[in-house]
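Take a look at the structure set out below.
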Amino acid sequence: MLKIVKDSVLKVSRSFGYEIVPLREMKERDFALHLRQLLTRLRIDCVLDVGANVGQYHDFLREKVQYEGAIVSFEPVSRHVEMLREKARSDSDWHIEGYALGSKEGTLPINVMVSDQFSSFLQPDSSGVDDYDGLNTPSHVETVTVHTLDVVMPVLRERLNFDRPYLKLDTQGFDIEVLQGGGDSLPDVRGLQTEASVIGIYKGMPGYMETIRYLGERGFDITGLYPVSRDRSLRLVEFDCVMMNRINTASAVEDLR
């Protein structure tokens with residue numbers, strides 16, 4: 001009965017041009033609508049999901065953004081790779097790459113945290129935010145393969161036949177390292193998002209001003225800023241910074257207004 005009432009209310013509200021959204025979904029709704037518009041305007045034909053964890057961004061793209069194109073998810077933690085490959089069986093346009101991206105080819109030890117969404121090549125630092133004590137703590141260390149974006153991009157483009165990629169970065173303080181390994185590839189990236197840090201939770205991680213300046217110098221302009229997490233006193237800890245390439249997307253600027 002409750003579902004019948006809910007569906008009826010939604011149907012009536014939509015007939016008047018309104019959408020009823022549960023409070024728990026408000027945080028990501030504006031982000032999803034912006035990405036939907038951006039990916040459409042830039043004619044994105046492949047999303048490079050760097051730091052996939054267990055596929056949350058894939059689900060967000062498919063369910064909320066309504067993006068239907070190719071997704072390539074990069075994830076080095078072994079148990080996550082197994083989970084991703086199992087989940088990808090139901091999506092033929094979802095491709096799993098079981099390694100990390102960085103500034104150079106090789107191997108690196110990664111700290112797999114108690115709450116594994118915090119797993120990072122960097123050491124945790126709780127001095128600025130103590131909310132994550134006991135979560136952002138290493139449970140074990142794995143040695144993982146690291147490739148550069150410049151090495152893998154040509155191979156992926158040939159294999160998947162895409163021309164207009166979007167780059168999503170969520171590597172827990174390692175995003176600039178990934179970008180440094182993609183100097184030749186970045187000019188071909190139509191748009192990107194990076195998780196920018198306001199209060200560092202890892203030792204040596206770049207702050208948001210450094211990240212935005214780095215990308216601005218390489219031709220990227222901000223289209224949106226979306227909070228990811230706050231501490232108990234409501235201070236912003238991290239936000240997603242969405243950007244577009246001003247050089248290879250000049251013709252789309254008018255459409256983004």
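Quick look at the numbers
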read-out: Number of the exception - Gly216 against (1) small (Gly, Ala, Ser); (2) more than 21 Å from Tyr57 (Cβ to Cβ); (3) touching a Phe, Trp or Tyr at 6+ places or on another chain (Cβ under 9 Å); value: (3)
read-out: Answer residue from the range 68-93, given it is touching a strand residue (DSSP E or B) at 6+ places or on another chain (Cβ under 7 Å) and of a type in the set (Ser, Thr, Tyr) and is surrounded by the fewest Cβ atoms within 10 Å (Cβ to Cβ) among those; value: Ser78
read-out: Filter result (closer than 18 Å to Pro165 by Cβ and part of a loop (DSSP other than H, G, I, E, B)) within the range 189-243; value: Val189, Arg190, Arg218, Gly219
read-out: Yes/no for Val178 being under 28 Å from Ser119 (Cα atoms) and in contact (Cβ under 8 Å) with a residue 60 or more places away in the chain; value: yes
read-out: Among the residues listed as Asp49, Asp30, the single one being within 24 Å of Ile222 (Cβ to Cβ), more than 13 Å from the chain's Cα centre (by Cα) and either crowded, with 22+ Cβ neighbours inside 10 Å or at pLDDT below 95 (or both); value: Asp30
read-out: Residue check, Leu236 surrounded by fewer than 18 Cβ atoms within 10 Å (Cβ to Cβ), touching a Ser or Thr at 6+ places or on another chain (Cβ under 9 Å) and either on the phi < 0 side of the Ramachandran plot or modelled with pLDDT of 95 or more (or both); value: yes
read-out: Single unsatisfied condition, Ile212 versus (1) modelled with pLDDT of 95 or more; (2) under 18 Å from the mean Cα position of the chain (by Cα); (3) crowded, with 20+ Cβ neighbours inside 10 Å; (4) under 28 Å from Val237 (Cα atoms); value: (3)
read-out: Subset tally (residues that are touching a residue at least 12 places away in the same chain (Cβ under 8 Å), farther than 22 Å from Tyr132 by Cβ and surrounded by fewer than 22 Cβ atoms within 10 Å (Cβ to Cβ)) for the range 158-175; value: 4
read-out: In the range 68-100, the residues that are hydrophobic (A, V, I, L, M, F, W, C), closer than 27 Å to Gln37 by Cβ and in contact (Cβ under 8 Å) with a residue 60 or more places away in the chain; value: Ala70, Val72
read-out: Selection within the range 126-149 - over 19 Å from the mean Cα position of the chain (by Cα) and at pLDDT 90 or above; value: His140, Val141, Glu142, Thr143, Val144, Thr145
read-out: Asp125 being closer than 16 Å to His80 by Cβ and surrounded by 16 or more Cβ atoms within 10 Å (Cβ to Cβ); value: no
read-out: Residue in the range 112-120 that is in contact with an Asp or Glu (Cβ under 9 Å, 6 or more places away or on another chain), surrounded by 16 or more Cβ atoms within 10 Å (Cβ to Cβ), among the aromatic types (Phe, Trp, Tyr) and touching a residue at least 24 places away in the same chain (Cβ under 8 Å) present; value: no
read-out: Pairs, first touching a residue at least 12 places away in the same chain (Cβ under 8 Å) and more than 29 Å from Val155 (Cβ to Cβ) in the range 184-207, second among the β-branched types (Val, Ile, Thr) and in a loop (DSSP other than H, G, I, E, B), C-beta under 8 Å, six or more apart; value: Ile199/Val129; Ile201/Val129
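The values are calculated or read from the model by the stated rules, or taken from the named source; none is laboratory data. All values derive from a computational prediction rather than experimental measurement. All Cβ positions, glycine included, derive from the backbone under ideal geometry; neighbour counts span all protein chains shown.
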